[in-house]
Amino acid sequence: MTRDADDLIARQIQIRERLAAASDDELITQGAGELATLGPIDIVLRPESMFTLAALMQLVQRHPQLTTDHNAGRLAVIVLEHAREYFSDCPAVLEMLRRGDDRRRDVTPDIES
């Protein structure tokens, strides 16, 4: 290994150790700063993956603390809007998404303690 590679690895280890010892607030502050430096990301999904992502966003919407005032809640709404637009020529898929919106159809797993 070259000296540059060794230095890079040593810096990465130091950063990992510093972040592992950071408080939640410190980590959130640094993470927010890092996110602010990034541009948008383009994601390409197969139709099945888009459907799965939409179904997961429906589950996100079930979380009692995630309203549309929360980033995750807003993201769920946006993803579902895009999914419905993408699947606009797929009536069976749209019906599955409609049923996924219906909380009366929710299934409660039988979990044994």
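Based on DSSP H runs of at least 4 residues, each adding -39500 (n - 2.57), what is the mean residue ellipticity at 222 nm of the chain after dividing by all its residues, to the nearest 500 deg cm²/dmol?
Numbers: 5 runs with 75 residues, N = 113.
Computed ellipticity for the chain at 222 nm equals -21500 deg cm²/dmol.
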- Using only Cα atoms, locate the centre of segment 87-113 and the centre of segment 1-46, then give the distance between them in Å, rounded to an integer. 37 Å
- Peptides ranked, highest mean first, by Cβ atoms within 10 Å: ranges 92-103, 15-26, 31-42: 92-103, 15-26, 31-42
- Message: Using only the alpha-carbon atoms, how far is helix 24-36 inclined from the longest principal axis of the chain? Give it as 0 to 90 degrees, nearest 10.
- Response: 80 degrees
- Message: Between Arg18 and Ser49, how high is the FRET efficiency from 1/(1 + (r/R0)^6) when r is the Cβ-Cβ distance and R₀ = 30 Å? Nearest 0.05.
- Response: 0.25
- Message: I want to make sure I understand the PRE zone here: with the label point 7 angstrom from the Cα of Arg74 toward its beta carbon, which residues in segment 16-44 have backbone N atoms less than 20 Å away?
- Response: 28-43
- Query: How much FRET efficiency would the formula 1/(1 + (r/R0)^6) give for Val107 and Glu34, where r is the Cβ-Cβ distance and R0 is 35 Å, rounded to 0.05?
  - Reply: 0.35
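Each reported figure results from applying straightforward, stated rules to the coordinates on display, with no laboratory input. Quick caveat, the model's predicted, so the values are computed rather than measured. Reconstructed Cβ throughout: ideal geometry from the backbone, glycine too, with neighbour counts over all protein chains shown.
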